[in-house]
């Protein structure tokens, strides 16, 4: 077994928040957002030290069960690298358990840090995506986190794949973040095992339209974000979020549940919609006016 980089040499990574589904694109469509976690890792003589600042600092594990550490360990093992010890420092800005891709960011960060520690200066995105999707269970969040922009994730016999596209410059994502989180597992458990053929056809038409709307025709975003596959079924687990989506859409704004929730994402098309979205946030909710991260995860060594 080998150690990639010398002890005390930090490897650093910056990973963006993401919003998946975007209404009709269940487990497929995702968007990278300009809200970032920044992490650093190095090889040390022995043991494991995990330091966390910012979001999640009071609740996340500081041992081998930490998601970044688990992703690092799996990647290092696959590369045949066994460091003597590890030190990890996390500066988190992505809210946890809010549907903004914090787990995907942790997984992508862990993989890239491990690759950096193994001396891989320019990891292959396709290989990283396959591993990240295996750890996460699906690629809708890890794809935009890794690649940036707007992504369409899909599966192949070789694992996950993704197509990346730029977003129309007029689109301004606004995240409305509630004070408490929710469980992705609980949200998934509320989904039916089957859906009507008519609903599947409607969802396919809206998902296809959303690709065009986000990249070239933002005036179609309201129609393109209409969903029948998952949001109504998950509403009992996040009634305040469901009510906010209904309120915003009644006002003509392209609002959706972000990922598995409970955050709400508005794909605003002008400054008026940005202000309207912010003014609609319930008391105690954070309003995050964001951009689209076009670069995705960034690895650096020093």
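Since every read-out is calculated from the coordinates, none of them should be taken as a lab result. These numbers come from a predicted model, not from an experiment. When we count neighbours, we look across all protein chains shown, and the Cβ atoms used for this are built from the backbone with ideal geometry, even at glycine.
Compute the angle between helix 67-78 and the longest alpha-carbon principal axis of the chain, please, reported from 0 to 90 degrees and rounded to the nearest 10.
60
Considering only 182, 102, 280, give the residue with the highest GNM mean-square fluctuation for the chain, with springs between Cα atoms whenever their separation is below 10 Å.
Comparing 182, 102, 280 in the GNM, the peak value goes to 280.
Say we join alpha carbon atoms closer than 10 Å with springs in a Gaussian network model of the chain; which of 98, 62, 234 then has the biggest fluctuation?
62
Could you compute the FRET efficiency for residue 8 and residue 70, with r as their C-beta to C-beta distance and R0 at 30 Å, rounded to 0.05? Please list the in-between numbers first.
Details: r = 24 Å, r/R0 = 0.79.
Efficiency at R0 = 30 Å is approximately 0.80.
Pop a pseudo-label 7 angstrom from the Cα along the beta-carbon direction at both residue 198 and residue 251 and give the gap in nm to one decimal.
3.2
Once label points are set 7 Å from the Cα along Cα→Cβ at both residue 220 and residue 163, what is their separation, rounded to one decimal in nm?
Output for this residue pair reads 1.4 nm.
Quick check: the angle from helix 239-250's long axis to the longest principal axis of the chain, C-alpha only, nearest 10 degrees?
Approximately 50 degrees, to the nearest 10.
As a footprinting exposure proxy, order 138, 77, 230, 197 by other Cβ within 10 Å, with the fewest listed first. Each step should come with its number before you reach the end.
Details: 138 17, 77 12, 230 23, 197 8.
Fewest-to-most Cβ neighbours within 10 Å comes out as 197, 77, 138, 230.
Counting only Cα, what are the radius of gyration and maximum Cα-Cα distance Dmax of segment 193-258, in Å?
Calculated on Cα positions, Rg and Dmax stand at 12.5, 34 Å.
Using a Gaussian network model on the chain with a 10 Å cutoff between Cα atoms, which of 104, 268, 124 fluctuates the most?
Of 104, 268, 124, the most mobile in the Gaussian network model is 124.
Between Rg and the Kirkwood Rh of segment 22-78, both from Cα atoms, what is the Rg to Rh ratio?
Numbers: Rg = 15.2 Å, Rh = 14.3 Å.
Rounded to two decimals, Rg/Rh equals 1.07.
Got a sec? How would 158, 126, 263 order by Cβ neighbour count within 10 Å, fewest to most?
158, 126, 263
For the chain, take the convex hull of the Cα atoms, compute a quarter of its surface area, and give me that in nm², please.
Values: hull surface 60.8 nm².
Mean shadow area of the hull around the Cα atoms is 15.2 nm².
Mind grabbing the base-10 log of I(q)/I(0) for segment 172-289 at q = 0.19 Å⁻¹? Debye formula, identical points on the C-alpha positions, no solvent, two decimal places.
Reported log10 I(q)/I(0), two decimals: -1.04.
Could you line up 10, 285 from fewest to most neighbouring Cβ atoms inside 10 Å? List each step's numbers first, then the result.
Details: 10 17, 285 20.
Going from least to most buried by this count: 10, 285.
For segment 62-134 and segment 171-185, compute the distance between their C-alpha centroids and round to whole Å.
Centre-to-centre (Cα) distance: 23 Å.
To the nearest 10 degrees, how steep is helix 102-117 against the longest Cα principal axis of the chain, on a 0 to 90 scale?
30
With the calculation restricted to Cα positions, what are the radius of gyration and Dmax of segment 1-136 in angstrom?
14.6, 49
With only alpha-carbon atoms counted, please give the Rg and Dmax of segment 87-171, in Å.
When restricted to the Cα atoms of segment 87-171, Rg and Dmax are 13.4, 41 Å.
Please give the length that would be gained between residue 155 and residue 279 if that part of the chain were fully extended, namely 0.36 nm times their separation in residues minus their C-alpha to C-alpha distance (nm, one decimal).
Working it through step by step, the gained length comes to 40.7 nm.
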